[in-house]
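In what follows, a single structure is set out as structure tokens and then discussed.
The values are calculated or read from the model by the stated rules, or taken from the named source; none is laboratory data. For clarity, every value in this text was computed on a predicted model and none was experimentally measured. Glycine gets a Cβ as well: all are built from the backbone with ideal geometry, and neighbour counts include every protein chain shown.
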Amino acid sequence: MAQPGFIKNFDVSSAIGSYRIVAMFNVDFTTQQAADVSQAIVGVSEHGSDDSGRCDVVLSGTGAVEFGGVVVAGNPIVADSDGRAIAFNKADHTEDAEVWVLGVALENGDAGTVGTVTINPFLIVK
């Protein structure tokens, strides 16, 4: 079960779905739904963006995020092209110079499961 820590409300560059990995956009205090491992991850959305173009983002603690594939507790988590959480597999990222990781899965699940992950973004540089 998610236990969010610090939550901040951000402007959004485009719609963000519920339970998605969120990355920074190139404008101050503006976020976007993550769509690539090269984007600077900041946290996860709770309810997605609202009509005003703003979104609450969980920046620390643990958060709920939709899985985009099979995830096993302990897997490092990265974003797929829809901002869903997928397990990091080194072999899938041999061409990427940098990979942003959200944190670690705390439970198992299949695609479509809303599972709990740690929110501790870090960058892998090759």
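Quick check on region 39-49: of everything there that is modelled with pLDDT under 95 and surrounded by 14 or more Cβ atoms within 10 Å (Cβ to Cβ), which residue is nearest to residue 101 (Cα to Cα)?
46
I'm told residue 54 meets every condition in (1) without any contact (Cβ under 8 Å) to a residue 24 or more places away in the chain; (2) more than 20 Å from residue 124 (Cβ to Cβ); (3) among the basic types (Lys, Arg) except one. Can you identify the failing condition by its number?
It fails just one condition, (1).
In region 8-25, what count of residues is obtained for those that are part of a strand (DSSP E or B) and either surrounded by 15 or more Cβ atoms within 10 Å (Cβ to Cβ) or in contact with a Pro (Cβ under 7 Å, 6 or more places away or on another chain) (or both)?
Within region 8-25, residues that are part of a strand (DSSP E or B) and either surrounded by 15 or more Cβ atoms within 10 Å (Cβ to Cβ) or in contact with a Pro (Cβ under 7 Å, 6 or more places away or on another chain) (or both) number 7.
Just the residues that are touching a Phe, Trp or Tyr at 6+ places or on another chain (Cβ under 8 Å), under 16 Å from residue 105 (Cα atoms) and among the hydrophobic types (A, V, I, L, M, F, W, C), please, taken from region 43-73.
Correct list: 44, 58, 59, 64, 65.
Of all residues being in contact (Cβ under 8 Å) with a residue 60 or more places away in the chain and not charged (D, E, K, R) in region 74-91, which is farthest from residue 113 (Cα to Cα)? Just the residue, please.
Filtering first and then ranking leaves 83.
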